[in-house]
Amino acid sequence: MTDTMKLEIVTPEGVAYTADARTVTMPAVDGQIGVFARHVPLLTRIELGEILVRTSAGAEEVLAVGDGLVLVTGDHIGIVSDMAIEATKIDEAKVEEARQRALARLRDKISDEEIATVNASLARALAQLHVKKRRAR
């Protein structure tokens, strides 16, 4: 039996990330969960936050992730999320600019629906900044 599992994260833009992983830690709705190879089958939701992947090569990779669903089988983790960005690919300046735009937009008189959309954009920007700044230390 193998001590790794195939991790695949899909967003509306397509496959965002794949890896052979030893462990995957993610922000489930009931708190952080860690998944190892041969984990019992599981279907759960994840929330905006950080995924930590320990690859089969021993590297540690981090992603900012949005809300989504996770399906775990013994040798596979499938995640469908509205956002998944590797920490190394986060452009801090662009994300900060998006955060500032969202904050400015919230000061405008906008509908409740627009407020929800802007708040979601702001939350995604803050999650990316958190991951990027935490990994820069």
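The table below gives the values:
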item: Selected residue (criterion: most open to solvent (accessible area, probe 1.4 Å)) from residues of the range 29-47 that are touching a strand residue (DSSP E or B) at 6+ places or on another chain (Cβ under 7 Å) and outside any strand (DSSP E or B); result: PRO41
item: Any hit, the range 58-65, residues being part of a loop (DSSP other than H, G, I, E, B), out of contact with any Asp or Glu (no Cβ under 9 Å at 6 or more places or on another chain) and not polar (S, T, N, Q); result: yes
item: GLU114 surrounded by fewer than 16 Cβ atoms within 10 Å (Cβ to Cβ) and at pLDDT 85 or above; result: no
item: Check on LYS6, closer than 16 Å to ARG124 by Cα, open to solvent by 50 Å² or more (accessible area, probe 1.4 Å) and of a type in the set (Lys, Arg); result: no
item: Boolean, ALA102 is open to solvent by less than 70 Å² (accessible area, probe 1.4 Å) and touching a residue at least 24 places away in the same chain (Cβ under 8 Å); result: no
item: Single residue of VAL62, VAL24, VAL95 found to be in contact with a Gly (Cβ under 9 Å, 6 or more places away or on another chain), within 20 Å of HIS130 (Cβ to Cβ) and open to solvent by less than 30 Å² (accessible area, probe 1.4 Å); result: VAL24
item: Where ALA116 falls short, out of the listed (1) of a type in the set (A, V, I, L, M, F, W, C); (2) in a helix (DSSP H, G or I); (3) in contact (Cβ under 8 Å) with a residue 12 or more places away in the chain; result: (3)
item: Total residues in the range 119-135, condition touching a residue at least 24 places away in the same chain (Cβ under 8 Å) and open to solvent by less than 90 Å² (accessible area, probe 1.4 Å); result: 10
item: Residues satisfying the stated conditions in the range 48-57, i.e. in a loop (DSSP other than H, G, I, E, B) and closer than 20 Å to MET83 by Cβ; result: LEU48
item: Enumeration of residues in the range 11-65 that are in contact (Cβ under 8 Å) with a residue 12 or more places away in the chain, farther than 18 Å from THR88 by Cβ and of a type in the set (Gly, Ala, Ser); result: ALA28, ALA37, SER56
item: Within the range 1-28, tally of residues that are of a type in the set (Asp, Glu), more than 13 Å from VAL72 (Cα to Cα) and not in a loop (DSSP other than H, G, I, E, B); result: 1
item: Near pairs, Cβ below 9 angstrom, 6+ apart or cross-chain, from the range 67-93 (under 24 Å from THR117 (Cα atoms)) to any residue that is outside any strand (DSSP E or B) and among the polar types (S, T, N, Q); result: MET83/GLN128; ILE85/GLN128; ALA87/GLN128; ILE90/GLN128; ASP91/GLN128; GLU92/GLN128
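The values are calculated or read from the model by the stated rules, or taken from the named source; none is laboratory data. As the structure is a computational prediction, the values presented were derived from the model and not from experiment. All Cβ positions, even for glycine, are placed from backbone atoms using ideal geometry, and neighbour counts span all protein chains on display. SASA here: full protein model, heavy atoms, side chains in, ligands and nucleic acids out. Shrake-Rupley method; radii C 1.70, N 1.55, O 1.52, S 1.80 Å.
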